[in-house]
Amino acid sequence: MRSLHQSKATPLSKRMVDIFGAGMGLVLLAPLLLLIAGAIKATSRGRVLFRQKRLGQDGKPFVIMKFRTMRLDACDPTGVRQTLQDDERVTPVGRFLRRSNFDELPQLINVLRGDMSLVGPRPHVDGILAAGVPYENFDRRYHQRLAVKPGITGWAQVNGWRGETRDPTSASMRLHCDLYYIENQSLTFDLEILGRTVVQEFLSCSGS
């Protein structure tokens, strides 16, 4: 898939990159964040941010923050019912936010808090399903992905494995990429993933 990285990231160096990156991101993206918040408020009733319990490092739960993309009465606090393509619960603004992944931007605050990292496996809700069964039953290696902090972006996401996990291939490839990242994580690997994320999400969105 790619060459192995030689230098592993230490917890301190990774944390320093997370604090610097999340802090700079919040400052530079402040106008965009305010614009998104205003659009949500102007087009649908309810709070701007959606909060939900997710599993963090070593299975410790934390509250993740996202821009709300669904109608207030249709939000699922458990997250077990996954969002499907053309899901009727999603608002028009929410569709754009999900397509661009801008709904994930408030998670920069989670990174500053230490709940998450900029790069890592995406945090899941407890009891998430894969191919119709609990993920840990689908693949016994599932809990290995909890060895590191979850991330805003990751190796699975930049390789196109994100979204629904109802399909066995998608569920398997997401886990495969997560475990590959954990085995080969380094600062250079993180920077590569961050660079690809910016190109795929921000630049492709602005050019569409």
Exercise. Take the solvent-accessible surface of the protein heavy atoms, probe 1.4 Å, and return the percent of it on the chain that carbon and sulfur atoms account for.
Key: 60 percent
Practice problem: Assuming 1.002 mPa s and 20 °C, estimate D for the range 140-181 with Stokes-Einstein, Rh taken as the Kirkwood radius over Cα pairs, in µm²/s. | Solution: 204 µm²/s
Exercise. Note the full-extension length gain between residue 169 and residue 32 as 0.36 nm times their separation in residues minus their Cα-Cα distance, in nm to one decimal.
Key: 45.8 nm
Quiz item: So what is the accessible area of the chain per residue, in Å², with the probe set to 1.4 Å?
Solution: 53 Å²
Practice problem: Would you mind working out the magnitude of the charge dipole of the chain relative to its Cα centre, with +1 at each Lys and Arg C-beta and -1 at each Asp and Glu C-beta, to the nearest 20 Debye? | Solution: 400 debye
Quiz item: Under a plain spin-label model, where a point goes 7 Å from the Cα along Cα-to-Cβ, how far apart in nm are residue 99 and residue 71?
Solution: 2.1 nm
Practice problem: May I ask you to order 50-59, 131-140 by the average number of other C-beta atoms within 10 Å around their residues, highest value first? | Solution: 50-59, 131-140
Quiz prompt | Highest average packing first - 33-43, 110-120, 171-181, 87-97, Cβ atoms within 10 Å | solution = 110-120, 171-181, 87-97, 33-43
Self-check item: Residue-by-residue Karplus 3J(HN,Hα) for the range 22-31, coefficients 6.51, -1.76, 1.60, Hz, glycine and proline x
Solution: 5, x, 5, x, 5, 5, 5, 9, 3, x
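The values are calculated or read from the model by the stated rules, or taken from the named source; none is laboratory data. What you see is a predicted model; the values in this text were computed from it and never measured. Cβ sites come from the backbone with ideal geometry, for glycine too, and all protein chains shown count toward neighbours. The area values use the complete protein model at the heavy-atom level, side chains included, leaving out ligands, DNA and RNA. Shrake-Rupley method; radii C 1.70, N 1.55, O 1.52, S 1.80 Å.
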